[in-house]
Each structure stands twice: as structure tokens, then as C-alpha cells.
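Heads up: the structure comes next, in C-alpha cells.
The values are calculated or read from the model by the stated rules, or taken from the named source; none is laboratory data. Keep in mind it's a predicted model, so treat the numbers as computed, not measured. Here the Cβ is made from the backbone with ideal geometry for all residues, glycine too, and neighbour counts use every protein chain on show. What goes into the accessible areas is simple: the full protein's heavy atoms, side chains included, and nothing from ligands, DNA or RNA. Shrake-Rupley method; radii C 1.70, N 1.55, O 1.52, S 1.80 Å.
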Amino acid sequence: MKPLAGFPIEARGRIRGVFTDIDGTLTTHGRLFAKAYTALERLQSAGLLVIPVTGRPAGWCDHIARMWPVDAVVGENGAFWFRHDAKQGKLMKRYVVAPEERLRRGKRLLEIAAKILEEVPGSAVSTDQPYREADLAIDFREDVRELSRDEVNRIVEIMQGEGLTAKVSSIHVNGWFGDYDKLSTTRAMMREDFGIDLDREREDFVFAGDSPNDQPMFAYFPHAVGVANVLEMADLMTDFPAWVTESAGAAGFAEIAEALIPTR
């Protein structure tokens, strides 16, 4: 990873959109401060597409798509994307898995959650689980004491042993049935809703993130940026962003906006 200041001006000037994680990237210690929200608004006002790509639940994403200065949101690590269509005056929802299948899988996820809580004392089902539609989130340091790396790895092992895809974020271990992820759904969304083939145009977009579940995006986008706290979980990662900010969390995301907006 190289300092964000080294991101060439010419390359910055070609950027057409920003995808961003939320927890630990837009937020600092779990809070969304004005500097990050303002950065989103300024990026969109400058003509860039602005799209959060998060592990957070459908309930949160409904609010984000309707009320934040964003063009769409990908949620639950790629289970869906939501987009508010201003012309139609309605929220458009696109899921990777059909409703009946999501319901069937949801019952099994609750059984797996019970097994994890029994085998990994101190872990907990995330408090935002009631608002989820497709995945299971196990909290390891949001509302519980921080678990050790071995305990986090044990949660991953249990999920994988039960046939789940498991990804570690900065606060949760998320598990779901299926092979989709943040990247696959982002690519589908851009093709279907924005007419953009990211495989050909990925150099025109930035992804900002901070944790292991962002690795598919880090590996895919040549101009991916990690906010400084990406280094905190580097031991759980093999794929890293090209650039890294000086500051962590919200302040780091504000740095990204400052690097891009003047080049418009």
C-alpha cells in the first residue's frame, strides 16, 4: 500500500464513482460524523456516483438508499442492492436470492447461530440481526468484549463447516449460503442499473474500505483505497488496497474526497 498522496492526478481525474464500505470507513468508533457524511454529499455534488457497499442489514440499507446522498447501496455483503428512483418516487430492490429461498435459508442460519454461541463463549448474534434478510452476523467487538483472533477464526470455521460463506468485517463475522459477495453484486448492479461494465471500466472507480471482507474489492479495483485502520486487521488479509490514507475512519474517507473533488 502506498500513501494516498501518490495517487496520480491524471488517474484521479478519470474517476467516475466511489464505492465505499461503511463500518470503520465512513464511521469512527461506530459513529457517522459530519465530515464523512459531508464528503459523500460533496462527491455526489461533484458528479461522481456514490455507492456504499456494506455488510449492514436490509433495514439499514432501506434508510440509506432513501435518505443519504448516495446513488444506490449494496447490503449484507452482496445479498441485494437498493436504489431510490427519484423519477418514479420509489425504492427499487434487487435481491440475489428469491424470497422463498431466503426464508428457508434464514431458519437454518438461526440454528447455526445457536451452535456458534455455544462453542464460542462471549460471541453474540449482532443486535442488527432482526433487520437482516439474507445473512447471519456474529458480533465479536461491536456490543461485546473484543474476542481474540483465535475466537474469530473459530467462528469462521464453524460457519464454513456448516456450508456458509464466511467473511470477517471490522466488527462482525458474516455468514450466508451462496457464492455471491460484495464484488459480484456490485458488478451486476452496475451492469443492470447503470449500464457500466466494470470489467472494462474498473480503473474509473475507487473503492474505499478497511477490513478483510473488503478484500474482493481491494483485489479488483486498481485504485482501491484503505483508510488507515485497514492496518489493524492486516494479519487476517492477503489482498490489500493500492493506496492508504493518513487518517482512520471518517477522517480517512474525507481525505479521499479531498483527493478526488479538485480534479473534477
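Residue order by solvent-accessible surface for 141, 264 is 264, 141, largest first, with ligands and nucleic acids left out and a 1.4 Å probe. Segment 132-158 and segment 202-264 have Cα centres separated by 23 Å. Across the accessible surface of the chain, with the other protein chains kept in place and a 1.4 Å probe, carbon and sulfur atoms take up 50 percent. Simple point charges give the picture: +1 on the Cβ of Lys and Arg, -1 on the Cβ of Asp and Glu, and for the chain a dipole about the Cα centre of about 800 debye.
Would you please state the base-10 log of I(q)/I(0) at q = 0.16, 0.24 1/Å for segment 1-72, with intensities from the Debye formula using one equal scatterer on every alpha carbon? So the normalised log intensities are -0.63, -1.22. Express the relative contact order of segment 201-264 as a whole percentage, based on alpha carbon pairs under 8 Å and six or more residues apart in sequence. With pairs under 8 Å counted, the relative contact order is 29 percent. Normalised per residue, the accessible area of segment 195-264 is 36 Å², obtained with a 1.4 Å probe and no contribution from ligands, DNA or RNA. For segment 1-115, the solvent-accessible area with a 1.4 angstrom probe is 48 square angstrom per residue. Taking the DSSP beta bridges with both ends in the chain, the antiparallel portion is around 55 percent. Expressed to the nearest 5 percent, the antiparallel share of DSSP beta bridges inside segment 1-147 is 70 percent. Radius of gyration over Kirkwood radius for segment 81-236, both on Cα atoms: the Rg/Rh ratio is 0.99.
The alpha carbons of segment 33-75 give a radius of gyration and a Dmax of 10.2, 28 Å, in that order.
For the set 239, 150, the ranking by accessible area, highest first and with no ligand, DNA or RNA atoms included, is 150, 239 under a 1.4 Å probe. The ellipsoid equivalent to the alpha-carbon distribution of the chain has semi-axes of 29, 21, 16 angstrom, derived from the gyration tensor eigenvalues as √(5λ) and listed largest first. Taking 10 °C and 1.306 mPa s as conditions, segment 1-158 diffuses translationally at an estimated 90 µm²/s according to Stokes-Einstein applied to its Kirkwood radius (Cα pairs).
Averaging the sequence gap over all C-alpha pairs within less than 8 Å and six or more residues apart, then dividing by the number of residues, gives the chain a relative contact order of 25 percent. Total lysine pairs in segment 88-221 at Cα distances under 19 Å, for residues eight or more apart or on different chains: 4. For residue 111, the solvent-accessible surface computed with a 1.4 Å probe is close to 110 Å², ligands and nucleic acids excluded.
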